[in-house]
1. Among the residues of the stretch 1-14, write down those that are closer than 17 Å to residue 87 by Cβ and either touching an Asp or Glu at 6+ places or on another chain (Cβ under 7 Å) or surrounded by 15 or more Cβ atoms within 10 Å (Cβ to Cβ) (or both).
2. Is the stretch 109-117 home to any residue that is β-branched (Val, Ile, Thr) and farther than 18 Å from residue 34 by Cβ?
3. Need at least 1 residues that are hydroxyl-bearing (Ser, Thr, Tyr) and in contact with a Leu (Cβ under 7 Å, 6 or more places away or on another chain) per element, so show me which strands (runs of 3 or more DSSP E) inside the stretch 99-191 make the cut, counting only ones lying wholly within it.
4. How many of the residues making up the stretch 39-58 are acidic (Asp, Glu) and part of a loop (DSSP other than H, G, I, E, B)?
5. Taking the stretch 29-67 on its own, how many of its residues are surrounded by fewer than 17 Cβ atoms within 10 Å (Cβ to Cβ), closer than 26 Å to residue 147 by Cβ and among the small types (Gly, Ala, Ser)?
6. So, in the stretch 68-85, of the ones that are of a type outside the set (A, V, I, L, M) and within 16 Å of residue 43 (Cα to Cα), which residue ends up surrounded by the fewest Cβ atoms within 10 Å (Cβ to Cβ)?
Amino acid sequence: MIDATTQNLINKGEMLPLMEEFYTIQGEGYHTGTAAYFIRIGGCDIGCHWCDVKESWNAELHPATASDSIIENVRKYGNTVVITGGEPLMWNMDYLTHHLQDNAIKTHIETSGAYPLSGSWNWICLSPKKNKLPLEDIYTVADELKIIIYNKSDFKFAEEQALKINENCVLFLQPEWSNREKMTPLIVDYVMNNPQWKISLQTHKYLNIP
C-alpha cells in the first residue's frame, strides 16, 4: 500500500514506478542504431497479447523511485533518453522530462497514445494499439508512427492510423517478433507497393542486447 506522501510525489511525477533502466543501442524505428539510455516505467492496461514485457503491466510490482535519482543515472550516459513502458503516459512526465532537458538530454518517448500527453519531448514515437486507441491530440505532434504487424488485418489498421497523422510524421511497419518469419515477407511487399512506409525491425533482438 502506497502512503499518501509517496502517492503525492507520484502524482507530481517526482517519483515513478521504475521497472528498469539501462544504456543500450536503440533497436527499433527511426533512431535504430543510436545509443540511448532507456527508462522503462511500470504500469499498462492496454493488454497486447503479444507484448514482450508483460511483467511491466502491474505498476505495483515496480518500486516508486525518485525521478531525481533516475535523472542522475541518465547523466552518466550520453545525451539521449528513451522513456517507454508499460505505458509511460499513465504517469506525469513533466518533472522528469523538464529536468532531463535542463541537463541537455534529448527526451524520446514510445507510447500507445491512449493517455493524455504530459512531458516535454524531442521525439514522440506513437505506436497505436487496437485494444485502446490513441487520443486525438497526439496525432498532431507524433514524429513517428510505428504499427506492429501481427496478422494481415494490421495493414488495414496501419492505413487507418496513417490517415490521422500529421504530414511530417515518419511511417513504420514492424513485424511482431514471434510472427516475424510469416509477416516480414508480406511487409516487404507492402512497403515496396506503398513506399510512404518504412520497415522497422527489432534489431536489438538480433544483436542479443537489451
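1. Step one: of the stretch 1-14, the residues closer than 17 Å to residue 87 by Cβ are 10-11, 13.
Scanning the stretch 1-14 gives 10, 13.
2. Initial filter on the stretch 109-117 (β-branched (Val, Ile, Thr)): 109, 111.
Adding the requirement that they be farther than 18 Å from residue 34 by Cβ leaves 111.
The answer is yes, given that some residue of the stretch 109-117 is β-branched (Val, Ile, Thr) and farther than 18 Å from residue 34 by Cβ.
3. Working: elements: 106-111, 123-126, 144-149, 170-175.
Per the criteria, 106-111.
4. Initially, the stretch 39-58 is screened for residues acidic (Asp, Glu), giving 45, 52, 55.
This time we only want the ones that are part of a loop (DSSP other than H, G, I, E, B), so: 45, 52.
Selection size over the stretch 39-58: 2.
5. Residues that pass the stated criteria total 3.
6. In the first step, residues of the stretch 68-85 are kept if they are of a type outside the set (A, V, I, L, M); the result is 68-69, 72-73, 75-80, 84-85.
Okay, now just the ones that are also within 16 Å of residue 43 (Cα to Cα), so 84-85.
Details: 84: 19, 85: 25.
Taking the candidates together, the pick is 84.
Table: residues versus (1) farther than 18 Å from residue 126 by Cβ; (2) in a loop (DSSP other than H, G, I, E, B); (3) under 13 Å from the mean Cα position of the chain (by Cα); (4) among the small types (Gly, Ala, Ser).
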position	(1), (2), (3), (4)
23	yes, no, no, no
30	no, yes, yes, no
60	yes, no, no, no
78	yes, yes, no, yes
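Values quoted throughout were computed directly from the atomic coordinates according to the rules given, and no laboratory measurement underlies them. As the structure is a computational prediction, the values presented were derived from the model and not from experiment. As a convention, Cβ positions derive from the backbone with ideal geometry for all residues, glycine included, and neighbour counts pool all protein chains shown.
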